[in-house]
Structures are given as structure tokens and as C-alpha cells.
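A short worksheet on the structure shown next.
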Amino acid sequence: MELRQIQITLNAAVGPLNEVRRQRIMEAVGLDFNIQPVPFQGALALVNPLRREALFLTDAQIQFTCEGQPAEFSPSRVEHLLGAIRDTLLLDDRFPMLLQVIAHKDANGSAFEHTVEAFTPLPPHLMRQYFPGLRGLGLRITFEEHPYVCDLRIEPLFSDPAYYFIQFNAGSQGAAQSVARVVEDAEQWVQRLQNEFNAVIEEMLGR
């Protein structure tokens, strides 16, 4: 499984982002980040093209994203960036969090065919009779692990059916935690996705 994008969103009472606060945020996160235009009034978008990282802030959230092939997720760096924004904006160190991870996984053949075989008890030929032009199936697994409600989705990558598209979401459902704990939990979920969950996915797909 190859991670392509990792995104952490903190719900936070950021407040209005005037020019003074924007400048202070820029100084706190470092000069490697460049301001990007956004269609949302009052939002701030910063991109670090060398590290393929982005920060996005509104009056109610702080979001960190890294992407790549694979995405390079450094917990210490994420904690530093989010902590610097927290301190600059004088925010309480308590945040509900949403984690989203996107990954691709080699299908060792056609993901269209494998999902039709694996994700329903009906024989593939019957599925194709019921749904002419069937291209593939998706599986969505939802579960709760306090304080997180989680969602794991597996489906063919329609732009390249040699791969599965995997998306994992974990939301803390309003439970507020420190930046350090948020990043620690995010790291544990990422590791579980690559190990425990990856093994389960392979077993479900018969691979």
C-alpha cells in the first residue's frame, strides 16, 4: 500500500485572519511556504512545493496536508507546524480532529475484476447480468474506536484499474485533544492502515 495523501484537520476558534495575523503565521511556519490564492474570503492557503505540504486556515479550522508518491509524513514536523500556528494565534491546546488518508494498492491484475469477485456473495456473472456494464464494486467499512468514528473505503482506482483506491477517515467526534496527542493518534492510524488494515484488505481480496 502506498500512501498518497495525509490530511489532518483541527476544528479551532481561529477567528478572523487579518493581515497582521497572516504575517505572523507566515513567520511562524517558515519562509518555505508560499501564499496561494483561494476562492474563500478570509481563508489562508500556504504551500511548500519542495516538501509537497500545504496549510489551509479559515476562521474555524486549521488543516495540514502532505502528498507524494509516497507521501512523506513526519510526525515531529507536523507537530511543529501545528504547534507554531497554535502558539501564534494564542489558541487553547484542545482540538477535535479529522484525519483523512488516501492510498493506492497494487491490484496484481484488474481491480475491477477482483472487487466484483470479492465484495459480494453473488457470482460475478450474475452481478454482470443485474448490472450491465458493471466496472467494479466498492466496499465501505464503518466502525467506532473511542473517541474516533472511522470509515474505510476500498474500490477500484478508476483512472488506473491496476490499483485499488483506499480512503481512511477517523474523526474524533468533538473530543478535544492536544496537538501532540492529535499527531500521535494520526501516526498510529497511519501505521495501522499500512499494517493491520492492509493485511485485512489483502485477506478480503484473497491476495
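The values are calculated or read from the model by the stated rules, or taken from the named source; none is laboratory data. From a predicted model like this one, the values you see are computed outputs, not experimental measurements. Neighbour counts run over all protein chains shown; Cβ positions are idealised from the backbone, glycine included.
See the values below:
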quantity: Residues being under 19 Å from Leu10 (Cα atoms), loosely packed, with under 15 Cβ neighbours inside 10 Å and free of Cβ contacts under 8 Å to residues at least 24 places away in the same chain - total across the stretch 42-81; calculated: 2
quantity: Total residues in the stretch 183-207, condition among the acidic types (Asp, Glu) and in contact with a strand residue (DSSP E or B) (Cβ under 8 Å, 6 or more places away or on another chain); calculated: 1
quantity: Any chance Ala186 is out of contact with any Asp or Glu (no Cβ under 9 Å at 6 or more places or on another chain) and surrounded by 17 or more Cβ atoms within 10 Å (Cβ to Cβ); calculated: yes
quantity: Unmet requirement for Leu89, which otherwise passes all of (1) exposed (fewer than 15 other Cβ atoms within 10 Å of the Cβ); (2) outside the structural domain of Gln188 (by TED's automatic domain parsing); calculated: (1)
quantity: Among the candidates Tyr163, Tyr130, residue that is of a type in the set (Ser, Thr, Tyr), within 23 Å of Lys105 (Cβ to Cβ) and not assigned by TED's automatic domain parsing to the domain that holds Leu81; calculated: Tyr163
quantity: Conditions (1) in contact (Cβ under 8 Å) with a residue 24 or more places away in the chain; (2) on the phi < 0 side of the Ramachandran plot; (3) in contact with a strand residue (DSSP E or B) (Cβ under 8 Å, 6 or more places away or on another chain); (4) not charged (D, E, K, R); number of the one not met by Pro161; calculated: (3)
quantity: Odd one out for Gln23 among (1) within 16 Å of the chain's Cα centre (by Cα); (2) polar (S, T, N, Q); (3) not in a loop (DSSP other than H, G, I, E, B); calculated: (1)
quantity: Residue in the stretch 180-198 that is in the same structural domain as Glu113 (by TED's automatic domain parsing) and assigned to a loop (DSSP other than H, G, I, E, B) present; calculated: no
quantity: Search result, residues across the stretch 109-159 that are hydroxyl-bearing (Ser, Thr, Tyr) and either surrounded by 16 or more Cβ atoms within 10 Å (Cβ to Cβ) or over 27 Å from Asp185 (Cβ atoms) (or both); calculated: Ser110, Thr115, Thr120, Tyr130, Tyr148, Ser159
quantity: Some residue of the stretch 47-70 being out of contact with any strand residue (DSSP E or B) (no Cβ under 7 Å at 6 or more places or on another chain) and within 22 Å of Gln177 (Cα to Cα); calculated: yes
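Condition check ((1) under 20 Å from Pro121 (Cβ atoms); (2) touching a Cys at 6+ places or on another chain (Cβ under 7 Å)) across all residues:
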site: Gly133; (1), (2): no, no
site: Arg140; (1), (2): yes, no
site: Phe143; (1), (2): no, yes
site: Ser159; (1), (2): no, no
site: Phe165; (1), (2): no, no
site: Ala170; (1), (2): no, yes
site: Ser178; (1), (2): no, no
